[in-house]
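Read the figures in this text as sums done on the coordinates, not as results from a lab. On a predicted model such as this, the values are computed, not experimentally measured, just so you know. Counting neighbours? That spans all protein chains shown, and the Cβs are built from the backbone with ideal geometry, glycine included.
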Amino acid sequence: MNYTYIDNFIFDFGGVLYEIDTEISIKKLCNLSSDPFIREKGMFQDYSNYNLFNDYECGKISTDFFLDKLKEEFRLNISNEELISIWNETLIGLYQNSIQLIKRFKKCGRIYLFSNTSEIHYTKFFPECTQLFEQFDECFFSFKIGLRKPDPASYNYIIAKHSLVPSRTLFIDDLFKNIEGARYVGLNVYHINSVNSLSDLLHSVEYDTQA
C-alpha cells in the first residue's frame, strides 16, 4: 500500500501498544472456581464474544454488577478486591518502544487511539500510560463512548467526530475481526501480527511521506 495519501491513523491499544494476555485472568478464575467442571474444563475460550464482557466494555452495566455476575458465572467465593486484582493480571504493560513509535507517527498525520476496554482495566493502566495518551489528538475508550469494535457504528463515531475521510485514514489493530469491521466502513487497514509489526508500518509510512 502507498501511504502518501494517509492523513490520519487510528491505533488499537491492547496487542498493538500495550501487552495483554487475556488467558491469564480467565485461567486463574477457573482454578478458583468451586465448580469442578469449570476447574477442569475451563470456560470462555474467546471471552470477547461473551455478552457480559461486551456489555461491560460498552458501559452498559456497572462495575459492581459485572463483578457480581462474574462471581456467579465462575462460581467464585472471593471479594471484589481479589477479583479486580485477578482481572487486572491480563494487563502486562506498555511495549518498550510504544511511546517512541507514536511520537514518530505523530509527524506523519493526526493520530487517534481506539480501545475496547472496561472501567476496571482503564483505572489500572491509565496512570502508567499518561505520557502515551498525551501524544494522541484524542483517545476513545469503548466503555466511555458506549460502542466497541467491530461494530461499524464505533468506527463511524470517530470518523464523524473528527470529519475524517475514510480513504485517507489508516486503522491499525491486532484482531482480524476488528480489521474487517474497519474495512467495512471504508477505512484502510493494517493488521498487526507475527508478520506485520508496528515498526514495519512506521518505516513504510515514513518512506512514502518523505519521498
Study note, to complete from the structure: Taking Cα atoms, the helix 119-133 axis meets the longest principal axis of the chain at an angle in degrees (rounded to 10) of 30 degrees
Check your understanding: By how many nm would the segment from I92 to R104 grow when fully extended, if each residue of separation counts as 0.36 nm and the alpha-carbon distance is taken off?
Key -> 1.9 nm
Practice item. Mind pulling the angle between the C-alpha long axis of helix 198-210 and the longest principal axis of the chain? Nearest 10 degrees, somewhere in 0 to 90. Key: 20 degrees
Point to revise | Projected label distance in nm at Q135 and Y50, using a 7 Å step from Cα toward the beta-carbon | key: 3.3 nm
Revision key, fill the gap. Whole-number value, in Å³ per residue, for the convex hull of the alpha carbons of segment 22-91 is 80 Å³
Review point. Can you list the aspartates and glutamates whose alpha carbon sits under 16 Å from that of K177, skipping same-chain ones fewer than 8 residues off?
Key: D12, D46, D151
**Study point:** Gain on full stretching of the segment that runs from E23 to T63 - 0.36 nm per residue minus C-alpha separation
**Key:** 12.4 nm
Exercise for review: Let me have the 222 nm mean residue ellipticity of the chain computed from DSSP H runs of 4+ only, each contributing -39500 (n - 2.57), with the sum over all residues rounded to the nearest 500.
Suggested key: -14000 deg cm²/dmol
Exercise for review: On a 0 to 90° scale, report how tilted helix 22-32 is relative to the longest principal axis of the chain, with both axes built from alpha carbons and the result rounded to the nearest 10.
Suggested key: 0 degrees
